[in-house]
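Notes follow once the structure below has been shown.
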Amino acid sequence: MQAEARPGGTSAHLLVDAGTGEVLAARDEHRRFRSASLVKLLIAVDHLLPTGGEPTAADRALLEPMLRASDDDAANELWERNGGPDVVLRMAAEMGLRATAPPRDPDMWGYTPITAADVVRCYRYLREQPVGEFVLANLRAWTATAADGFDQSFGLPGG
């Protein structure tokens, strides 16, 4: 299962059996890429950990649109409120992310570097920790159109 990158593009992947941990396919899994909206998982977990995974109604008003409709305004608010780059530092330590680091520009959360291997570690954490239940339930309730009007049915949902 090797996919080629588009001409001029780069790609990396790591496919792991969630039940056994067996690596089924891998390519450049330690190569760093801009996380874009994947960092929203870190923002959500960081915000939820102090609550034990039980968000208030006010928290839900931000977390649900951020996770379901990739709402950047909600991510901006939580990023600022919780210390920006410190979110990434805390979550890298909490989740055991080995190559994920804060973005160079502290205002640009979407530029947080991450690897395919760290994405797998993040999802493993979400599956194993109680705080992950809320995050995963909201990801399963994704909307076809993001908060900014863009189609977000590509990627895993499109597969």
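The values are calculated or read from the model by the stated rules, or taken from the named source; none is laboratory data. All values reported here derive from a predicted model rather than from experimental measurement. Here the Cβ is made from the backbone with ideal geometry for all residues, glycine too, and neighbour counts use every protein chain on show. Ligands, DNA and RNA are stripped out before the accessible areas are found, and what is left, the full protein with its side chains, is counted by its heavy atoms. Shrake-Rupley method; radii C 1.70, N 1.55, O 1.52, S 1.80 Å.
Segment 51-84 and segment 92-140 have Cα centres separated by 15 Å. Only one residue of Ser37, Met66, Leu14 has its Cα farthest out toward the positive end of the dipole of segment 1-102, where Lys and Arg carry +1 and Asp and Glu -1 on Cβ, and that residue is Leu14.
How far is helix 57-69 tilted off the main Cα axis of the chain, in degrees rounded to 10, range 0 to 90? Compared with the principal axis, the helix lies near 20 degrees. Among His30, His13, the order of accessible area from largest down is His30, His13, computed with a 1.4 Å probe on protein heavy atoms. Charge dipole (Cα centre; +1 on Lys/Arg Cβ, -1 on Asp/Glu Cβ; no other charges) of the chain amounts to roughly 440 debye. Of the residues Leu41, Leu14, Leu24, the one that moves most in a GNM of the chain with alpha-carbon contacts below 10 Å is Leu24. Computed from Cα atoms, the angle from the helix 39-48 axis to the main principal axis of the chain rounds to 40 degrees.
Seen against the Cα atoms of the chain and their longest principal axis, helix 85-95 is set at about 60 degrees.
Computed extension length for Tyr111-Ala25: 28.4 nm, one decimal, from 0.36 nm per residue of separation with the Cα-Cα distance subtracted.
Seen from Pro65, the other residues with C-beta closer than 13 Å to its C-beta sum to a net charge of -4, counting Lys and Arg as +1 and Asp and Glu as -1. Extension gain for Asp59-Leu136 works out to 26.1 nm (0.36 nm per residue, less the C-alpha to C-alpha distance). Every Cα-Cα pair in the chain was counted, and those over 18 Å apart are 60% of them.
For segment 11-69, what relative contact order do you get, as a whole percent, if you take Cα pairs closer than 8 Å and at least 6 residues apart? Reported relative contact order: 22 percent.
In this entry, segment 49-88 is assigned a mean projected area of 2.9 nm², taken as a quarter of its C-alpha convex hull surface.
Model label points for Asp17 and Phe33, set 7 angstrom from Cα along the Cα-to-Cβ axis, are 2.5 nm apart.
Each 10 Å bin from zero up to the one holding the largest Cα-Cα distance in segment 66-126 carries the following percent of pairs: 22, 52, 26.
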